[in-house]
1. Return, ordered by residue number, the residues of segment 84-117 whose backbone nitrogen is under 13 Å from a label point located 7 Å along Cα→Cβ of residue 146.
2. Can you find, among 134, 86, 116, the residue sitting farthest towards the positive end of the charge dipole of the chain, where Lys and Arg contribute +1 and Asp and Glu -1 at Cβ?
3. Using only alpha carbon positions, build the gyration tensor of the chain, then give the equivalent ellipsoid semi-axes as the square roots of 5 times its eigenvalues, largest first, whole angstrom.
4. What is the order of 39, 12, 26, fewest Cβ neighbours within 10 Å to most?
5. If you add up the charges near residue 32, with Lys and Arg at +1 and Asp and Glu at -1, over every other residue whose beta carbon is less than 14 angstrom from its beta carbon, what do you get?
6. With each pseudo-label sitting 7 Å past Cα toward Cβ, what's the residue 95-residue 23 distance in nm, one decimal?
7. Which FRET efficiency value, to the nearest 0.05, do you get for residue 83 and residue 50 by plugging their Cβ-Cβ distance into 1/(1 + (r/R0)^6) with R0 = 25 Å?
8. Peptides 50-56, 70-76, 138-144: what's the order by average Cβ count within 10 Å, highest mean first?
Amino acid sequence: MLRIGPIQLEYWHLILIGVGLAFLVWLIRGFTVRVSGSWERVDEGLGAGQRELISLVQFGPFVRGRRMMKGGFQEYTGILRGRTIFLTRRDHGRELIVSQGFPPELVKEIDGTVTAKLRMTLSADAQAIFGTFIPQKIEFTYRPPEITNRVFLEPSFRRYRLVSRDIKVADTPEGERPERPATPQIRKTL
């Protein structure tokens with residue numbers, strides 16, 4: 001028991017205050033480390049002519065992201081602890097899931113579920129994130145179409161470089177510019 005003036009604190013009060021202060025420090029630290037922006041994959045595991053662009057946004061230690069793909073998108077959610085980002089990936093979109101080799105009947109069971117985990121570390125200059133990517137193997141049968149097993153595979157290395165602090169909506173090949181909407185001609189008169 002601790003007495004501070006008219007306030008009498010029990011030991012469990014001190015523990016609760018300590019936990020609250022640790023949470024507050026973690027929350028404030030999340031605002032000082034910036035991972036928002038568009039990140040392009042640059043490791044050797046990427047095939048020739050492929051481009052992988054992930055856009056991340058954050059509010060303090062809470063991180064969300066998206067990768068637009070043909071027929072759907074991949075959604076990333078996670079938290080920031082120090083300079084390390086723990087993310088989970090969820091695939092969305094019928095065409096995207098079918099293009100990965102799954103029967104159309106299984107789309108509802110896979111859409112929006114966790115398909116991969118990432119543990120990435122922000123570099124000292126804040127221009128790269130690197131770490132492990134752990135995909136999930138989903139085993140299924142064709143007749144009848146059903147998922148028989150889900151298991152996370154061995155981690156592989158991933159590295160992304162910062163392209164821009166602005167959020168890019170979709171992947172565009174190098175040298176190509178996305179189409180701009182036609183702007184109406186405005187004439188100024190005085």
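1. Zone members listed by number: none at all.
2. Final value for the positive-end residue is 86.
3. Calculated on Cα positions only, the semi-axes equal 38, 28, 17 Å.
4. Ordered by Cβ neighbours within 10 Å, fewest first: 12, 26, 39.
5. +4
6. Result for the modelled spin labels: 4.4 nm.
7. Calculated value: 0.35.
8. 50-56, 70-76, 138-144
Since every read-out is calculated from the coordinates, none of them should be taken as a lab result. Model, not experiment: these values are computed from the prediction. Here Cβ is always computed from backbone atoms with ideal geometry, including for glycine, and neighbour counts include all displayed protein chains.
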